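Below is one structure, written out as structure tokens; comments come after it.
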Amino acid sequence: SQQGEEDPQALSIQEGENATMNCSYKTSINNLQWYRQNSGRGLVHLILIRSNEREKHSGRLRVTLDTSKKSSSLLITASRAADTASYFCATPFYISGSRLTFGEGTQLTVNP
Amino acid sequence: DTGVSQNPRHKITKRGQNVTFRCDPISEHNRLYWYRQTLGQGPEFLTYFQNEAQLEKSRLLSDRFSAERPKGSFSTLEIQRTEQGDSAMYLCASSKFSGSSYNEQFFGPGTRLTVL
């Protein structure tokens, strides 16, 4: 069964707008990761946030983690057409395990 | 290119045939993972290795599936007697495990399997 669930399933915005995607998970974790996948391609690692971190930034990406609510969000600021992709959150199958479980992803479309 | 590589990128086969995929991880990474992804879904874990030892297998890995990493470097995933339900993208990932429990995995481009 899948641990993470992304919301929304699909998001369409205009270039320059911000995009926010959410992820909820079920069990205790020590880290959460976000990945991007362009159509028909492999996954690109975006960011890892540890359970003792509340927020992390990487370029135009901002990730938050709320362990009390078992949720995370990914914010992409000033979006570009090249950001069009599916975005997945991934969590360890058990607290710190190597096996990652993924949600179904959010399909982001950025219109030029 | 020093990333994870996978071959072939695409494979079309007839039902009942055997297929084998190869994954070359990032050279200093000691862990290697296989995932399967069907259309519209996130990747699902199949198995992983630390060096040459296969440490965990998913229930998804039926007895028709076998994975090896004989010298702790590249890995192969073989599917015997393929079925149409095996059609999917097979993804390989690698990571460097050094005792920390934070496990950043880097993925290859995948092998897309189509079983006719």
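Bear in mind that the values in this text are calculations on the coordinates, not laboratory data. All figures in this text were calculated on a predicted structure; none of them were measured in a lab. Cβ placement follows ideal geometry from the backbone for every residue including glycine, while neighbour counts extend to all protein chains displayed.
Table for the structure above
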quantity: Residue check, B:Glu28 acidic (Asp, Glu) and part of a strand (DSSP E or B); calculated: no
quantity: Answer from B:Ser94, B:Ser98, B:Ser73, B:Ser62 - the residue that is more than 8 Å from every other protein chain (Cβ to nearest Cβ), assigned to a loop (DSSP other than H, G, I, E, B), under 15 Å from B:Val4 (Cβ atoms) and among the polar types (S, T, N, Q); calculated: B:Ser73
quantity: Any chance A:Lys56 is closer than 27 Å to B:Phe97 by Cβ, among the basic types (Lys, Arg) and not in a loop (DSSP other than H, G, I, E, B); calculated: yes
quantity: Considering residues of segment A:1-16 that are assigned to a strand (DSSP E or B) and touching a Cys at 6+ places or on another chain (Cβ under 9 Å) only, the residue farthest from the other protein chains (Cβ to nearest Cβ); calculated: A:Asp7
quantity: Search result, residues across segment A:17-48 that are closer than 19 Å to A:Arg99 by Cβ, aliphatic (A, V, I, L, M) and either surrounded by fewer than 16 Cβ atoms within 10 Å (Cβ to Cβ) or facing chain B (nearest Cβ under 10 Å) (or both); calculated: A:Leu43, A:Leu48
quantity: Filtered residues of segment B:101-116 (kept if away from every other protein chain (no Cβ under 11 Å), of a type in the set (A, V, I, L, M, F, W, C) and surrounded by 13 or more Cβ atoms within 10 Å (Cβ to Cβ)); calculated: B:Leu113, B:Val115
